[in-house]
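The values are calculated or read from the model by the stated rules, or taken from the named source; none is laboratory data. What you are looking at is a predicted structure, and each value in this text was computed from that prediction instead of being measured. Here the Cβ positions follow ideal geometry from the backbone for every residue, glycine too, while neighbour counts run over all protein chains shown. When the accessible area is computed, the model is the full protein with side chains, heavy atoms only, and any ligands, DNA or RNA have been set aside. Shrake-Rupley method; radii C 1.70, N 1.55, O 1.52, S 1.80 Å.
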Amino acid sequence: MIPIVFMGSPHLAVPSLRALAEAAPGRGAGLVGVFAQPDRPVGRHRTPQPCPVAAAAQALALPVFTPATLRSAEGQAALRGLRPHLVVVCAYGHILPQALLDVPPLGCFNLHFSLLPRWRGASPLQAAILAGDARTGVTLQRMVAALDAGPLVAGSAPEAIGADDTAETLGQRLAGVSADLLVRALPLLLAGHPPLTPQDEARVTACRTLRKEDGAIDWTRESAAAIERKVRAFTPWPGCHGFL
């Protein structure tokens with residue numbers, strides 16, 4: 001059996017985890033561990049709860065690891081101990097250092113929710129809606145030390161962004177697209193020689209991690225169209241607010 005590790009955290013990554021768990025055995029592979037963000041306090045009583053990927057992995061009876069960082073000796077030892085031949089990442093929330101990118105002999109591959117090289121970074125769904133993009137998609141790339149800069153393995157068909165799409169509704173659709181893309185590309189990854197296409201650096205755009213203050217509306221400087229896109233892009237988080 002070819003050992004695989006999956007890394008992800010939010011709801012958007014759960015369909016890819018489940019698809020991989022179902023498809024891998026038919027290819028002579030199997031999930032040996034899932035890495036996710038640590039439990040977070042939730043609700044009025046601030047009770048620690050696992051993130052969606054951790055909860056889904058537990059339901060699948062898979063070993064779950066939740067290191068606070070992968071730059072710690074503990075976090076790196078947990079991955080090395082599993083001896084994965086392949087690592088698949090989808091919205092994990094931690095950057096993998098080069099020392100861990102070198103661990104699996106088949107490589108580390110990331111499912112990114114944009115059509116790279118457009119919208120490298122942490123908030124591609126929101127960036128696409130904010131910019132008024134007509135379409136987006138999912139890209140599978142081999143991971144390198146630079147953020148979302150690795151060569152491309154495969155991409156989905158373009159997904160139209162509807163006039164009423166929010167980051168939540170668009171993300172839900174792309175979560176299914178991501179799972180389908182992973183299953184389609186899995187034989188290439190396990191064979192060890194997937195096609196790798198360098199990204200066109202002249203077409204790179206970037207986005208960053210969102211902050212609560214990004215949802216502030218400036219009624220005197222922003223157009224109605226820009227405000228409308230912001231409201232959709234920042235639903236459900238960080239939301240929008242303004243002062244009169």
Please work out which residue is farthest from LEU170 (Cα to Cα), limiting yourself to segment 213-242 and to residues that are touching a helix residue (DSSP H, G or I) at 6+ places or on another chain (Cβ under 6 Å) and among the charged types (D, E, K, R). ARG229
Quick check, is SER156 in contact (Cβ under 8 Å) with a residue 60 or more places away in the chain, in contact with a strand residue (DSSP E or B) (Cβ under 8 Å, 6 or more places away or on another chain) and small (Gly, Ala, Ser)? no
ILE129 being touching a residue at least 40 places away in the same chain (Cβ under 8 Å), surrounded by fewer than 20 Cβ atoms within 10 Å (Cβ to Cβ) and of a type in the set (A, V, I, L, M): no
Restricting segment 102-116 to residues that are open to solvent by 10 Å² or more (accessible area, probe 1.4 Å) and farther than 30 Å from ASP133 by Cβ, the one farthest from the chain's Cα centre (by Cα) turns out to be PRO105
When restricted to PRO3, PRO67, PRO52, the only residue surrounded by fewer than 20 Cβ atoms within 10 Å (Cβ to Cβ) and over 20 Å from ALA122 (Cα atoms) is PRO3
Per-region count, segment 167-195, residues open to solvent by 80 Å² or more (accessible area, probe 1.4 Å), in contact (Cβ under 8 Å) with a residue 24 or more places away in the chain and farther than 19 Å from ARG135 by Cβ: 1
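Would you pick out the residues in segment 71-96 that are part of a loop (DSSP other than H, G, I, E, B) and either under 16 Å from the mean Cα position of the chain (by Cα) or of a type in the set (Phe, Trp, Tyr) (or both)?
Those that are part of a loop (DSSP other than H, G, I, E, B) and either under 16 Å from the mean Cα position of the chain (by Cα) or of a type in the set (Phe, Trp, Tyr) (or both): ALA91, TYR92, GLY93, HIS94, ILE95, LEU96.
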Report, by residue number, each residue of segment 23-53 that is assigned to a helix (DSSP H, G or I) and free of Cβ contacts under 8 Å to residues at least 40 places away in the same chain. PRO25, GLY26
So how many residues does segment 196-214 have that are closer than 18 Å to VAL89 by Cα and either free of Cβ contacts under 8 Å to residues at least 60 places away in the same chain or open to solvent by less than 90 Å² (accessible area, probe 1.4 Å) (or both)? 1
When segment 132-142 is examined, which residues are found to be part of a loop (DSSP other than H, G, I, E, B), in contact (Cβ under 8 Å) with a residue 40 or more places away in the chain and open to solvent by 10 Å² or more (accessible area, probe 1.4 Å)? GLY132
Let me confirm something: among ALA122, ALA99, ALA145, which residue is within 12 Å of the chain's Cα centre (by Cα), closer than 26 Å to PRO38 by Cβ, surrounded by fewer than 18 Cβ atoms within 10 Å (Cβ to Cβ) and in contact (Cβ under 8 Å) with a residue 12 or more places away in the chain? ALA122
Hey, could you check segment 10-45 for residues that are under 19 Å from PRO104 (Cβ atoms) and surrounded by fewer than 14 Cβ atoms within 10 Å (Cβ to Cβ) and say which is farthest from the chain's Cα centre (by Cα)? GLY28
